[in-house]
Amino acid sequence: MTELLKDKIAIVTGGAKGLGRAVATSLDAAGATVVVTDSDGDGAQAVAAELVHGEGATCDVRDDDQVEELLGWVTQRHGSVDIMVANAGIATVAPITEMPVEEWRSVLAVNLDGVYSSVRHAGRSMAGNGGGAIITMASITGFSGSPLISHYAAAKAGVISLTRTAAVEWRDHGVRVNAICPGWIGTDLVYDRVPQFEGALGIDFDALITQKQGRLGTVDDVTPLAVFLASERSRFCSGSTFVVDGGMDAALV
Ligand SMILES: NC(=O)c1ccc[n+]([C@@H]2O[C@H](COP(=O)([O-])OP(=O)(O)OC[C@H]3O[C@@H](n4cnc5c(N)ncnc54)[C@H](O)[C@@H]3O)[C@@H](O)[C@H]2O)c1
């Protein structure tokens, strides 16, 4: 396993914690050099310091110039970027009519515009450098509506669409682009919002998760797929969406 991504250079956005941190750790364990980036630069550095071949960098994906500079910096240091995991994401909780437009835009700025910047600068670099693998962190909310997170779900639907188009545009340049669509995974993104969901919807979160997914997912349920999509083992996969949700999306009830 440590040889699978040997000599590969990877960038993970939003890598300071949660899914990004776990994916960075798994790519590192598979032999890649991983540039862990986050708007929380100290957090990114701390995760990088835990890796065998890790480097940390501050990058706020809302700023297209910062993402472009990041790609330039990594390419200059390592000669190429082989893997981009466009993972950074945020969420807030509010019904459509009560959500200030600034809140809508702030989530789209990270979850859609930030992915666009990450994908486009990585794709440009890879297309001119023999190819690579881009992974976007979408969500099953990109397929189905979800109350109180209209902005988040709309952004994820956009990420899935962007993933497909990017895959088509770069097919002849050896750049594969695939989306991971997790269900509910136990990270701060979820834990911090459970009280709001329970209060607004009058639900018991644990009961909902048990009914829909069997259990709450863990980051380790997602990381093997990320390593697969980053590696040559997925060489004939591009423009695809890969659901990791314990069967939630497949179930009517
Ligand atoms: N946890 C889940 O259930 C779940 C399900 C589906 C999809 N996802 C997606 O997975 C990704 C990671 O989510 P998570 O659960 O690990 O969340 P998290 O809150 O644990 O971690 C998110 C990370 O992104 C960083 N970040 C936030 N804004 C940023 C910005 N502008 N630029 C760079 N970094 C930024 C944060 O600092 C943090 O380190 C997100 O895109 C999220 O939408 C999560």
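Worth a mention:
- P(r), alpha carbons of the range 9-234 - 10 Å bins starting at zero, rounded %: 9, 34, 36, 17, 4, 0
- Gyration tensor analysis over the Cα atoms of the range 1-108 returns equivalent ellipsoid semi-axes of 29, 15, 11 Å (largest first, whole Å).
- Residue among V110, G72, A44 farthest towards the positive dipole end of the chain, charges placed on Cβ: G72
- Exposure of R120 as accessible area (Å², to 10), given a probe of 1.4 Å and all protein chains: 70 Å²
- Qualifying lysines (Cα of each under 26 Å from Cα of K212; at least 8 residues distant if same chain): K17, K156
- For V35, distant residues with modelled amide H under 5 Å away: A10, I11, V12, E55
- Summary of packing: across the peptides 8-16, 89-97, 203-211, the per-residue average of other C-beta atoms within 10 Å ranks them, highest first, as 8-16, 89-97, 203-211.
- Net charge of Cβ neighbours under 13 Å - reference S240; Lys, Arg +1; Asp, Glu -1: +4
- Cβ charges +1 (Lys, Arg) and -1 (Asp, Glu), total dipole of the range 9-234, debye: 760 debye
- With a Förster radius of 51 Å applied to the C-beta separation of Q196 and E50, the computed FRET efficiency comes to 0.95.
- What the phi angles of the range 234-242 give under the Karplus curve with 6.51, -1.76 and 1.60, with θ = phi - 60°, is a coupling list of 9, 4, 9, 9, 7, x, 9, 10, 10 Hz, glycine and proline written as x.
- Dipole size of the range 1-88 about its Cα centre, with +1 on Lys/Arg Cβ and -1 on Asp/Glu Cβ: approximately 340 debye, rounded to the nearest 20.
- Lys/Arg +1, Asp/Glu -1 at C-beta; the chain dipole; positive extreme among T141, T92, S240: S240
- J(HN,Hα) series, the range 204-210, from Karplus relation 6.51 cos²θ - 1.76 cosθ + 1.60, nearest Hz, glycine and proline x: 9, 4, 4, 5, 4, 5, 4
The values are calculated or read from the model by the stated rules, or taken from the named source; none is laboratory data. All values reported here derive from a predicted model rather than from experimental measurement. Methodologically, a virtual Cβ is constructed for each residue, glycine included, from the backbone with ideal geometry; neighbour enumeration extends over all protein chains shown. When the accessible area is computed, the model is the full protein with side chains, heavy atoms only, and any ligands, DNA or RNA have been set aside. Shrake-Rupley method; radii C 1.70, N 1.55, O 1.52, S 1.80 Å.
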